[in-house]
Structures are given as structure tokens and as C-alpha cells.
């Protein structure tokens, strides 16, 4: 295909074209000038309405596929610094303590709670104890009127009680995933949160807060992937998932992820992130959930499975989700593939590539050659299109931007009690299926949504 030399840009909407007295046609948006009185073949091609609309939409797609990324929450206008208490100072709690250092004008940690002495010792090394008060009981921390909000990063079986106590104490809450341990807890905490409309409850599904994941959500919504039919998600590692235990009596408290009394295992700790993203990006909920698994590699007295596979049917979307994790092979690591009739997106936590199907590829290659169009960032081997053009921060950084915005504006965070509750229910159904066999059906009462 060829283009007239008089094109200086590209028109995105045929209705924006006006005929000027000098006989030229001008695109208001891009100042495109074409002489329709010319009898050249080029003008006949460009003035064909069908081609114009088709190519205009393709050029719009190059803007989305260009690799440019930005945060949705960076410009919240508020001068207040919120005082944070961290409840649970293990790997995750201490990690979030470090992330909050990037928000000196928004958050300050002034309280830390953990029932284990060696973790409080670690807190003393990391924090200035002249400014940060230490607690062993979260209820004592919640009595502190100088704490505005809490981060809850404790074992899953404690999430419900501590979140409930925190809301009732008037605190804003950032609650690590999964939101709750059981279906009933998810439904109950949702109603409790609704009774505290002036407090924020955000759930820690942080990976989907990356600007990359917002970009892919937009691609899905705008149809760039076509009809999505399959989700293939994995989170694999070659590691026993155990932490060092300084005292054998602390085994279950430190390695709580190994035991059914405390943990939702791999579905809760890993796969919930990808499940939550699918529910959010497609505005979809499961129809049926089926799981299988076993303790297939680490025969070390653990109770939660080290090898699981879930199949989730989304009937209204005509879509199947496959979610799997193993502790015995790390080759795939974190992989997340969303497959549509026009193309597939392959995601890591901080990178992504769009692999167009044959016809989509031809169209994109055609428009990529247009002078003035936003260039598409093809991968080095030309097989796909890079969706990231610069280094991204950890998802927790962007999640805390939304937490600050939600508290400041009394708005619902994107990862909220409804989306987090629906994912927690899905995880609970998956574990019920894995451990007890059989398929679990999604019930209407599981559809958590705001009660307006």
C-alpha cells in the first residue's frame, strides 16, 4: 500500500474532516491536508471512507501499544502525612516498611506490632524506636490515637479478626491478600466495611497496580485482543517455601503457610494475584471452580499442597482460566498469558509483550510504516510488541499511591473489599475442591458489590 506525499499526520475520526474553500480537506485533529481535486490514485484511496476508518482505528491502537506507561494515582492533592502502624513484621511487613520510605510526604510509620520477639528485635534494627512504638498485641496498637491507618501482614487465618478490630477502632486498613480465610468471613468483612464508609479498606493485590496491568486492562476492554477465550497463569518455583526457625516451638507460627489451620496454600499466597486480575480486568466472576493437587515433592510433614492446578469457568464470558503452581520446578516462574482471537498478551510482574495473530500483525505492520504515526516497539526478534519502555517500580509502590488517594478523597480503591472479597471466595472454593474433591459452583450470594 502507498500513501500520498501530502499527508502530514493521520486522522482518527472521519467526522472531523471538513472541506475548506481552497478545495483541500483538513483533519481537525492532526492538520492532515489532502487535495481531493487531484485525480491521483493516492487521493482516491485515502478518501475511501472504509479505509479511512479502518486505518484510523489502527493508528489509535499504536498509541496504546507504544510502550508509554504512567501511574493513575501520582497527582493526589493533599498535604497530610498519614501515620501508619504495621501489624505483622515478617518478610512482608518489613518489606512494606521499606516501600513506605518512598513516601516521606505521605506516610510515616510510627508503630509496629508482632508477637514474636525476634521480629521485634528486627524492627528495632530497622526503625528509630524513639519515633516508632513497638507492640506485641495488635489491640494495644489500635488503641493508639496517633495511628491513622494500619497495614495487616499477618497469617491468613488472622486477617478477618484484625481487619474487623481495626475498622471498629476507626483506622484505615491496608490488608494483605487474600482478604479472608473463608467464604463467610469475606461476606461478613464486606458488610462491616460498609458500616464504616469514611474509612478505607484496601486489599494487597499489588501486582495489578502496575501501570502495565492497567494498560493491558485497557487493551482487553477496547478489544485489541479480540475475543479472549483462555487464561494460562502459573507461578512456579523450585523451593520448599520454608523460613528458618530459631526455636522448634515456633515452627507453626513461622512456617504457617505449610499448615491448613493458618494458610490457603499456593492458591491464596500466589495464584490469587492472577485470579484477582482476571476478575477485575474482565469484570467477571467464576461460574465453576475445580482444583486438584497433592504433596508431590516435599515430603516434610507439611499439610498444604506443593503442587496445584485450578480450572475456573467464566460462563458469561465464554472463557476458561487455568491457574497452576508447583514448588518443584522454576522454569516458567511467574507466567500470565491472556489469549484472544486477535492476539495474546504475555505478562511478567514488570514486563509484557503483545503477540498479534496473523491478520492483526499485518494491519499493525501496515500502519507502523505511516509517517507521523506513533511507532510500535516490536521485540528484537519481531515476534511481538513490547508493552513496557522503561523500568517499573514494584507494584506495592503504586498500590500505596492508591491507598493515599483513597484515604485523602474518601474514594474506593481499585483493589477494594468487593474485588478482594470475590477473590478470597474464589480461593476458598478452590481449596475446598482441591482438598475434598469435586467441582464448586459459584452462588449468587457470592457476588459482592456496593449496596447503593
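The values are calculated or read from the model by the stated rules, or taken from the named source; none is laboratory data. None of the values given here were measured: they were computed from a predicted structure. Cβ atoms come from the backbone with ideal geometry, glycine included; neighbour counts cover every protein chain shown.
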Residue 449 - would you say it is in a loop (DSSP other than H, G, I, E, B), surrounded by fewer than 17 Cβ atoms within 10 Å (Cβ to Cβ) and in contact with a helix residue (DSSP H, G or I) (Cβ under 6 Å, 6 or more places away or on another chain)? yes
Right, residue 297: on the phi < 0 side of the Ramachandran plot, at pLDDT 95 or above, assigned to a loop (DSSP other than H, G, I, E, B) and not assigned by TED's automatic domain parsing to the domain that holds residue 424 or not? no
Selection from segment 300-325 of residues that are within 17 Å of residue 255 (Cα to Cα) and either at pLDDT below 95 or surrounded by fewer than 20 Cβ atoms within 10 Å (Cβ to Cβ) (or both): 300, 301, 303
Does segment 184-229 hold any residues that are surrounded by 15 or more Cβ atoms within 10 Å (Cβ to Cβ) and assigned to a loop (DSSP other than H, G, I, E, B), and which are they? 196, 199, 200, 205, 210, 224, 225, 226
Conditions (1) free of Cβ contacts under 8 Å to residues at least 24 places away in the same chain; (2) under 19 Å from residue 178 (Cα atoms); (3) assigned to a loop (DSSP other than H, G, I, E, B) -> residue 309 fails only (3)
Among residues belonging to segment 155-166 that are farther than 12 Å from residue 203 by Cβ and touching a strand residue (DSSP E or B) at 6+ places or on another chain (Cβ under 6 Å), point out the one that is surrounded by the fewest Cβ atoms within 10 Å (Cβ to Cβ). 162
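So how many residues does segment 252-288 have that are over 21 Å from residue 441 (Cβ atoms) and touching a helix residue (DSSP H, G or I) at 6+ places or on another chain (Cβ under 7 Å)?
Here the count works out to 11.
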Among the residues of segment 230-263, count how many are under 25 Å from the mean Cα position of the chain (by Cα) and loosely packed, with under 15 Cβ neighbours inside 10 Å. 3
For segment 420-427, state whether one or more residues are in contact with a strand residue (DSSP E or B) (Cβ under 6 Å, 6 or more places away or on another chain), under 29 Å from residue 67 (Cβ atoms) and touching a residue at least 12 places away in the same chain (Cβ under 8 Å). no
State the number of residues belonging to segment 289-304 that are touching a residue at least 24 places away in the same chain (Cβ under 8 Å) and either touching a helix residue (DSSP H, G or I) at 6+ places or on another chain (Cβ under 6 Å) or farther than 15 Å from residue 257 by Cβ (or both). 9
Cβ-Cβ distance below 6 Å, separation of 6 or more or different chains: which pairs start in segment 61-72 with a residue that is part of a helix (DSSP H, G or I) and end on one that is modelled with pLDDT under 75? 62/373; 62/374; 63/374
Taking the condition crowded, with 18+ Cβ neighbours inside 10 Å, under 20 Å from the mean Cα position of the chain (by Cα), modelled with pLDDT of 95 or more and assigned to a helix (DSSP H, G or I), does residue 271 pass? yes
Can you tell me which residues in segment 354-376 are buried (at least 19 other Cβ atoms within 10 Å of the Cβ) and within 24 Å of the chain's Cα centre (by Cα)? 354, 356
Looking only at helices (runs of 4 or more DSSP H) that fall completely inside segment 78-150, which ones have 2 or more residues that are over 16 Å from residue 169 (Cβ atoms)? 91-99, 117-126
